[in-house]
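Asks: This is the structure I have questions about; it appears just below.
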Amino acid sequence: QVRPVESGGGLVQSGGSLRVSCTTSGRTFSDYAMGWFRQAPGKEREFVASISRSGRNTEYGDSAKDRFTISRDNVNNAVYLQMNNLNPEDTAVYFCVASAASFYSLRFRNDNIWGQGTQVTVSS
């Protein structure tokens with residue numbers, strides 16, 4: 001089983017950009033589809049993006065479309081989320097997940113492997 005570990009969160013001003021990263025240890029990284037979720041205080045967890053094992057296919061939640069980009073590096077066992085044009089509504093804990101299922105079903109599954117999360121705060 002892989003163990004996702006997030007990094008790269010922090011404080012950024014509205015309109016700015018930030019990239020969060022997730023590295024894994026354990027089993028073969030390329031055996032897993034990867035994704036990002038987020039959870040803001042008092043809100044339900046929200047799907048952000050997912051990427052296929054090869055990296056050729058991606059899926060985005062409505063809040064991420066046109067602003068966020070998910071990518072992966074199967075050599076270095078890492079997945080990234082590039083976030084542009086951030087606004088205060090993007091403030092949340094961002095979680096990296098790994099799934100043995102497909103990238104397009106990852107958002108619906110309850111058997112994903114979760115990291116501990118990284119805090120992203122966007123100031124106005």
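Asks: Please sort 101-112, 84-95, 24-35 by packing, taking for each peptide the average over its residues of neighbouring beta carbons within 10 angstrom, highest first.
Replies: Most protected by this proxy first, the peptides run 24-35, 84-95, 101-112.
Asks: If you place +1 on the Cβ of every Lys and Arg and -1 on the Cβ of every Asp and Glu, how big does the dipole about the Cα centre of the chain come out, in debye to the nearest 20?
Replies: Here the size comes out at about 240 debye.
Asks: Could you look at region 1-44 and say what percent of its accessible area is carbon and sulfur, using a 1.4 Å probe and all protein chains?
Replies: 44 percent
The values are calculated or read from the model by the stated rules, or taken from the named source; none is laboratory data. Bear in mind that the values here come from a model prediction, so they are computed numbers and not experimental data. Neighbour counts run over all protein chains shown; Cβ positions are idealised from the backbone, glycine included. Accessible surface areas use protein heavy atoms only, side chains included; no ligands, DNA or RNA. Shrake-Rupley method; radii C 1.70, N 1.55, O 1.52, S 1.80 Å.
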